[in-house]
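Here the structure comes first, spelled out in structure tokens, and everything after it is commentary.
Since every read-out is calculated from the coordinates, none of them should be taken as a lab result. Remember, predicted model here, so these are calculated numbers, not experimental data. Cβ: placed from backbone, ideal geometry, glycine included. Neighbour counts: every protein chain shown.
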Number of protein chains: 2
Amino acid sequence: MKNTSPKIVIVGAGFGGIELAKALRNRPVEVLLVDRNNYHNFQPLMYQVATGGLEPGSIAYPIRRIFRSHKNVNCRMAEVLGVEVQGNFLKTSIGDIPYDYLVIATGSQNNFFNFEPIKDQLLTLKSIPDALNLRSYLFQNLEKALADRQGESLEEIINVAIVGGGPAGLELAGALSEMKKYVLPKDFPELDLSKMNINLYEAAPKLLSAMSGEASAKSLQYLQEMGVNVFLNAKVSQYDGRCVQLADGTSFLTDTLIWTAGVKGSPIPGLPPDALIGGGRIAVDGFNRILGVPNCFAIGDVAAHVSDENPKGLPMLAPVAQQQGRHLAKNLMCLTAQRPLVPFVFKNKGVMATIGRKRAVVDLPRLKFQGSFAWLVWMFVHIFSLVGFRNKLMAFIDWFTNYFSYDRPLGLIIRPYRRSGEKSKEGPWTK
Amino acid sequence: MKNTSPKIVIVGAGFGGIELAKALRNRPVEVLLVDRNNYHNFQPLMYQVATGGLEPGSIAYPIRRIFRSHKNVNCRMAEVLGVEVQGNFLKTSIGDIPYDYLVIATGSQNNFFNFEPIKDQLLTLKSIPDALNLRSYLFQNLEKALADRQGESLEEIINVAIVGGGPAGLELAGALSEMKKYVLPKDFPELDLSKMNINLYEAAPKLLSAMSGEASAKSLQYLQEMGVNVFLNAKVSQYDGRCVQLADGTSFLTDTLIWTAGVKGSPIPGLPPDALIGGGRIAVDGFNRILGVPNCFAIGDVAAHVSDENPKGLPMLAPVAQQQGRHLAKNLMCLTAQRPLVPFVFKNKGVMATIGRKRAVVDLPRLKFQGSFAWLVWMFVHIFSLVGFRNKLMAFIDWFTNYFSYDRPLGLIIRPYRRSGEKSKEGPWTK
């Protein structure tokens, strides 16, 4: 039966791809889900892995396990090299993959803007290896600060700069300030932690620019209460691996510059040039169909349906991808049944961000609130969004323990990380 | 006060080093514990990390956390390059470290014997990165088997050879056979797993040669019941990365050769040649004093007190190291108080190994038993031996869940692993 059903190939097992494949369960189509990793990861909690609050295994889940009971869904681990829209096949590292319908759900990647040439000097937070590298790097620097500074100042080694005042930057800044306050004094009593500055730079005049004014103001207040130095209207202009230069002429010595300043779409090569618009996104119509390629679709961060209402497309958020995935499953069924397609309409259920313990901001469509209750809501929403019972339980235990102990369980440097250009600074952490 | 107390430097935060440093808590000595990692790991459960049964964070624990309340114990992460026994200082990657007393507790490393020149082709299980590499590699091969075999046979890709019939080899063989039976059919329904052979090679005529005849016989029976092909008196003579050659002329096609066939001590350079004996071990007297260097000691796997009773020294086991660590703490206190030293006597409390669910073997000094109860004993002893409440709880949850679900939670390929010499076989798993 599989061979006669239309073959739908989905590229990317993020929020959009997973929801789509799930919604196609037991439908009369053959689904192949292709991803470069063998796991789905829960991007919003990546900063928790970086700061030792959660294990990578708590926020990632093997793709094959999600689809164990989906008889018409198969999975392949492969790097997608491009698409031949005329020939209806994908070029991948494991060979060509033909399709009847293609869905590009490849998400987004870091946008380094003018820092692209020195991106290897920056730390990022877009994948689990990124988060583990950042975790190793932070703890390596603390060890190094105690051991052999090789002429560097203590400040340079333990200072942290975060570029970007979106949710990821705020969550990371908050987690680092809690680590500095509650955890590091216990583990590094020999270090003068008053020398450790956590600076957050945002180019816009406010934090969380996609959220309400209340959320922006409150999150700024929270960060300042927690000892994070927040700089608004602050454009980072240069970094040489040791010193951050701001456009206003000020500077900040640090070996650790974490980039959360922007993302861009990750389209795949081979699409018609007209289908590619600014920010690496793929232009789609109201049915998520790629312009000019009627049997190819794009959903999630990589897709943008530009309209008068949304001149830049919908925001690059997980709920958009998930809703588009579920909606596209219905439209694909319409297509195979030769029924008319139904346009996608995004239902905004709210946005939230957490800064620290009992400090979060929530914008619901009709209600905005901040503080302890917002933090509880944030935690429960995130725990229940994790895939699988084990991951929910493990996250719950680590957070529950953290709440009472003010401690973070995971400070292991399993694979030491060295930034590019750091080669002159040898040490056990560079092996 | 710290500066006037004798300074004891301990190299290695394994079972021996940790017990010694703990036993020196609040004693009138200054202790510095040096390790190349910032964590202590529980070596006996490494195979569980490799086979996706436990997270690395469940069997490892940050060293600094163990010693948070030990005011006279400091920690450094450093690679030890050598010792200057005349000058009483260690040479390390973070500079010279002087000592009054030195304790070498550097443990053991893989002994590849005649396979040393091709050790990069072998998979090992001696560190957490090793175990994670093995985990990635096993799952990569399963993905590859489904995707693009590049001319290789299915058998070659999914077969597994384990060299060494000690506890590590048996535990790994058992875990892999359970994975093959219970987990892989659910995750890889497209694969013909009947083509997957797990071969265990032991050069001696029996398994678990350090244990009783009952344990050896029963563990062989267990492995055979579980579908592992066990070869006794089987000397592996060659491996080219694809085919294992045995001394008897037979061969076995596999990309996966896991080496658990032996260990040797890891001494540090600079000791007098007389102090080094066979198997990379350091000769010590009955007080664990290194021969010819009265203010230097060695404990654990790296130390050997050769006597008529133990012509090869004591077995290289965690309990020996732990007891020597605790005992040496007392002797160091005798030394500083100028009291006579007390010779070390090993109290054997038993040895055990597990093969699979409800299948373990236990040798106590006066009692030997095997089966379900042995397996329960093994589990509880190992859970209670993990450092920290969190690690015990996490291991308990993962094992408890595994018991009822027959499943293993962790199959994430977070960092793909490529063996050396495998460069011609490109794929997403090699990125």
Would you list, by chain and number, the aspartates and glutamates whose Cα falls below 13 Å from the Cα of B:Lys22, excluding same-chain residues fewer than 8 positions away? B:Glu30
Local charge sum around A:Val160 (other residues, Cβ-Cβ under 10 Å, Lys/Arg +1, Asp/Glu -1)? 0
Is the shape of chain B best called rounded, prolate or oblate, per the rule: a/c under 1.5 gives rounded, else a/b larger than b/c gives prolate, else oblate, with a ≥ b ≥ c the square roots of the Cα gyration tensor eigenvalues? prolate
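For chain A, calculate the relative contact order in percent as a whole number, restricting contacts to Cα pairs under 8 Å that are 6 or more residues apart.
Working: 865 pairs, mean separation 85.4, N = 431.
RCO, chain A: 20 percent.
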In straight Cα distance, which lysines are under 20 Å from A:Lys126, not counting same-chain residues fewer than 8 positions off? A:Lys264, B:Lys431
With the charge dipole of the range A:18-71 built from beta-carbon charges (+1 for Lys and Arg, -1 for Asp and Glu) about the Cα centre, the Cα from A:Tyr39, A:Pro62, A:Pro28 projecting farthest to the positive end belongs to A:Pro28
Per GNM of chain A with C-alpha springs under 10 angstrom, the most fluctuating residue out of A:Glu143, A:Glu156, A:Glu309 is A:Glu309
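Checking the a/c ratio against 1.5 first, then a/b against b/c, what shape does the Cα gyration tensor give for the range A:310-397?
oblate
How large is the helix-only mean residue ellipticity at 222 nm for chain B, computed as the sum of -39500 (n - 2.57) over DSSP H runs with n ≥ 4, divided by its residue count, in deg cm²/dmol to the nearest 500?
Taking each H run of at least 4 residues, the total per residue is -8500 deg cm²/dmol.
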Spelling it out for A:Leu54: with amide H atoms placed in the peptide plane at 1.01 Å from N, the residues 5 or more places away or on another chain with amide H under 5 Å from its amide H are A:Val49
Inter-probe distance in nm under a simple model that places probes 7 Å from Cα toward Cβ, at B:Tyr182 and B:Ala217: 2.8 nm
At 7 angstrom along the Cα-to-beta-carbon line, where would the label on A:Gly371 sit relative to the other copies? Give the distances in nm, shortest first. 6.3
Please compute the net charge surrounding B:Cys334, taking Lys and Arg as +1 and Asp and Glu as -1 over other residues with Cβ under 13 Å from its Cβ. +4
The chain B residue whose Cβ lies closest to the rotation axis carrying chain B onto chain A, with that distance rounded to whole Å, is B:Glu55, 3
Compute the distance from the alpha-carbon center of the range B:183-208 to that of the range A:117-164, in whole Å. 42 Å
On a 0 to 90 degree scale, rounded to 10, what angle separates helix A:318-336 from the longest Cα axis of chain A? 10 degrees
Integer Hz, Karplus 6.51/-1.76/1.60 couplings in order for the range B:170-175, x for Gly and Pro: 5, 5, 5, 4, x, 5
Find how many whole Å separate the alpha carbon centroid of the range B:1-51 from the alpha carbon centroid of the range A:369-401. 35 Å
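For the pairs A:Lys349/B:Lys186; A:Lys144/B:Lys7; A:Lys218/B:Lys71, flag any whose C-alpha to C-alpha distance is greater than 29 Å.
Details: A:Lys349/B:Lys186 35 Å; A:Lys144/B:Lys7 22 Å; A:Lys218/B:Lys71 40 Å.
With Cα atoms farther than 29 Å apart: A:Lys349/B:Lys186; A:Lys218/B:Lys71.
Please state the relative contact order of the range A:58-154 as a whole percent: Cα pairs under 8 Å, 6+ residues apart?
Details: 50 pairs, mean separation 9.9, N = 97.
RCO, the range A:58-154: 10 percent.
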Report the Rg/Rh value for the range B:142-262, based on alpha-carbon coordinates and the Kirkwood definition of Rh. 0.98
Candidates B:Arg366, B:Arg36, B:Arg339, ranked by Gaussian network fluctuation over chain B, Cα under 10 Å, top entry: B:Arg366
With springs only between Cα atoms under 10 Å, which of B:Ala13, B:Ala247, B:Ala173 fluctuates most in a Gaussian network model of chain B? B:Ala247
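In peptide A:145-154, how many Cβ atoms from other protein chains are near each Cβ within 10 Å, on average? Mind showing how you got there, number by number?
On the way: counts 0, 5, 9, 6, 1, 2, 0, 0, 0, 0.
Across A:145-154, the average partner-chain Cβ count within 10 Å equals 2.
Average partner chain C-beta neighbours within 10 Å, per residue of B:128-138?
On the way: counts 3, 3, 0, 1, 2, 0, 0, 0, 1, 0, 0.
For peptide B:128-138, the averaged partner shielding equals 1.
Determine the shielding of peptide A:181-189 by partner chains: average, over its residues, the number of Cβ atoms on other chains within 10 angstrom of each Cβ.
On the way: counts 0, 0, 1, 1, 1, 4, 8, 2, 4.
The shielding value for this peptide is 2.
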Between copies, how far apart are the A:Pro6 label points? List them in nm, one decimal, shortest first, with each point 7 Å from Cα toward Cβ, please? 8.2
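Mind ordering B:295-308, B:352-365, A:403-416 by average Cβ neighbours within 10 Å, highest first? Don't skip to the answer; put the middle values down first.
Working: B:295-308: 23.6, B:352-365: 21.9, A:403-416: 18.7.
Peptide ranking by packing, descending: B:295-308, B:352-365, A:403-416.
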With every atom except the alpha carbons ignored, what do you get for Rg and Dmax of the range B:91-209, in angstroms? 18.9, 63
Taking a straight Cα-to-Cα line shorter than 17 Å from A:Lys312, and setting aside same-chain aspartates and glutamates fewer than 8 residues away, one finds A:Asp274, A:Asp285, A:Asp301
How large is ³J(HN,Hα) for each residue in the range B:153-168, as worked out from phi by the Karplus curve 6.51 cos²θ - 1.76 cosθ + 1.60 (θ = phi - 60°), to whole Hz, x for Gly and Pro? 6, 4, 4, 4, 6, 9, 5, 9, 10, 10, 9, x, x, x, x, 4
Need one word for the range B:181-231: rounded, prolate or oblate. Basis is the Cα gyration tensor (sqrt eigenvalues a ≥ b ≥ c); a/c below 1.5 gives rounded, then a/b vs b/c decides. prolate
May I ask for the net charge around A:Met226, where only other residues with Cβ less than 14 Å from the Cβ of A:Met226 are counted and Lys, Arg are +1 while Asp, Glu are -1? +3
